[in-house]
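To start, the structure under review is shown below, and the notes come after it.
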Amino acid sequence: MPSTRRAFLQGAAAAPALAAQPSPLPTVRFGGKHEITRLVIGTNPFMGYSHFNRILDQCMREWMTLERRIETVLAAERAGITAWQLHYQKETIETLKSVRERGSKIQVFLLSDFELQKDFSMIPEMARLGFLGMAHHGNRTDEAFREGRMERVLEFVQRVRDTGVMAGVSTHNPAVIEWIEEKGWPVDYYMACFYYVTRTPEQVRALLNGERPLGEPFLEKDPERMTRVIRQTSKPCLGFKILGAGRAGGSREQIEAAFRFAYSHIKPGDAVIVGMWPKFKDEIAENCDIVRKVHAT
């Protein structure tokens, strides 16, 4: 009898904990090859790329030590996120190797940058690190498109495909995706920014009657323009900056509205990348909770 009573009490104590376990995050079969969660953690906050100002950049860099970068990725994995997008940088590769040494199984997408962007001969070496996909950097893509040098982007795509890894193109300009689709390039996926922040000052002034905002232009109708193109391509897409680099995240209601817009305007097989900086609140838990809620209603 005592043992039975003890077992009952132990079971009763465990029940609330079991009930409190969050439901799994929604997943997609990305590119028909890999199952990933529709929420992918990004890397900009890790390296101090706030897309806001230099002060916030510095705050992010000072807080995001290597140990905190590692813990943020591991916390995301514990919360149910199964994919991480990082850009090439010595520090990010160091973080990747460190989380794997600690047993992480998180799947990773790589965005070209720095030395990798300049030297495509590094692509096979990077591919051996086990990335699901490798994408050409968005800023460099937009510059090449504007200057008529897209052959460099195509070279990147072809070299990545030669390794057997999915080849992607990142861009902030919806016209780039339309142009590549018309050309029939062998692109496996797109990284598509919800805000066309790489417009030139002249392009912005043409839109705003001769004026331009200070800093990067985050225009409210840009998400509609990009998601329209996302829906038109059959290629899987990773939408990013869905919160406008924090500008659309003033309250939980605003964050939820941004997620709701994103998932209702991209394709069912697409996912979103969101940078997370859990210094002031648990952004990982909040984002995961919102994603579950949006998909449940």
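Where a number appears in this text, it was derived from the coordinates with a stated rule and is not lab data. None of the values given here were measured: they were computed from a predicted structure. Here the Cβ is made from the backbone with ideal geometry for all residues, glycine too, and neighbour counts use every protein chain on show.
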Find how much the distance from residue 264 to residue 296 grows on full extension, using 0.36 nm per residue of separation minus their present alpha carbon separation; answer in nm with one decimal. 10.3 nm
Using the basic label-point model (7 angstrom from Cα toward the beta carbon), what is the residue 251 to residue 118 distance in nanometres? 4.7
Helix 54-63 vs. the chain, principal-axis angle (Cα, 0 to 90°, nearest 10): 40
Treat each spin label as a single point 7 Å out from the Cα along the C-beta direction, and report the residue 61 to residue 146 distance in nm. 2.4
Taking alpha-carbon centroids only, region 87-114 lies from region 21-44 a number of Å equal to 17
How big is the chain by Rg and Dmax over its Cα atoms, in Å? 20.5, 84
The set of residues whose placed amide H lies less than 5 Å from the amide H of residue 135, leaving out same-chain residues fewer than 5 positions away, is 110, 111, 112, 168
Rank 96, 129, 243 by mean-square fluctuation in a GNM of the chain with C-alpha springs under 10 angstrom and give only the top-ranked residue. 129
Whole-number percent relative contact order across region 48-194, with pairs defined as alpha carbons under 8 Å at least 6 apart: 16
Residue by residue through region 173-190, the couplings from Karplus 6.51 cos²θ - 1.76 cosθ + 1.60 with θ = phi - 60°, in Hz, x for Gly and Pro, are 10, x, 5, 5, 5, 4, 5, 5, 5, 5, 6, x, 4, x, 7, 8, 7, 10
Provide the gained length on full extension for the span residue 33 to residue 181, in nm with one decimal, where the gain is 0.36 nm per separating residue minus the Cα-Cα distance. 51.2 nm
I'd like the orientation of helix 90-101 relative to the chain: the angle between its Cα long axis and the longest Cα principal axis, in ° from 0 to 90, rounded to 10. 30
Go through region 105-121 residue by residue and turn each phi into a ³J(HN,Hα) via Karplus (6.51, -1.76, 1.60, θ = phi - 60°); whole Hz please, and just put x for glycine and proline. 10, 4, 7, 10, 10, 10, 10, 5, 6, 6, 4, 5, 5, 8, 10, 5, 5
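Looking at this model, which pairs from 97/279; 33/241; 118/241; 241/267; 33/267; 105/235 are more than 19 angstrom apart at the alpha-carbon?
97/279; 33/241; 118/241; 105/235, as the Cα separations exceed 19 Å there.
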For region 147-271, what does the alpha-carbon gyration tensor say about shape, rounded, prolate or oblate, given a ≥ b ≥ c as the root eigenvalues, a/c under 1.5 as rounded, and a/b over b/c as prolate? oblate
When a/c is below 1.5 the answer is rounded, else prolate if a/b is larger than b/c, else oblate, so apply that to region 91-171 with a ≥ b ≥ c taken from the square roots of the Cα gyration tensor eigenvalues. prolate
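Classify region 20-94 as rounded, prolate or oblate from the Cα gyration tensor: take a ≥ b ≥ c as the square roots of its eigenvalues, call it rounded if a/c is under 1.5, otherwise prolate when a/b beats b/c and oblate if not.
Note, shape of region 20-94 comes out prolate.
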Is it possible to state the helix-based mean residue ellipticity at 222 nm for the chain, with each DSSP H run of 4+ residues giving -39500 (n - 2.57), the sum divided by total residues, to the nearest 500 deg cm²/dmol? What is it? -14500 deg cm²/dmol
Taking the chain as a Gaussian network, where each spring joins two C-alpha atoms under 10 Å apart, which residue of 244, 184, 275 fluctuates the most? 184
GNM result for the chain, Cα springs below 10 Å: residue of 119, 188, 57 fluctuating most strongly: 119
³J(HN,Hα) across region 286-294 via Karplus (A = 6.51, B = -1.76, C = 1.60, θ = phi - 60°), whole Hz, x for Gly/Pro? 4, 5, 4, 4, 5, 4, 4, 5, 4
The chain - percent relative contact order, Cα under 8 Å, separation 6 or more: 19
Rounded to 0.05, the calculated FRET efficiency for the beta carbons of residue 100 and residue 158 at R₀ = 22 Å is 0.20
Hand me the GluC sites (Glu not before Pro) from region 108-209 located in a DSSP loop with no more than 15 other Cβ atoms within 10 Å, in residue order please. none
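Roughly what percent of Cα-Cα pairs across region 214-297 reach past 21 Å?
Looking at region 214-297, the distances longer than 21 Å represent 30 percent of pairs.
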Under the 0.36 nm per residue contour assumption, what length would be gained going from the current alpha-carbon distance of residue 231 and residue 207 to full extension? 6.2 nm
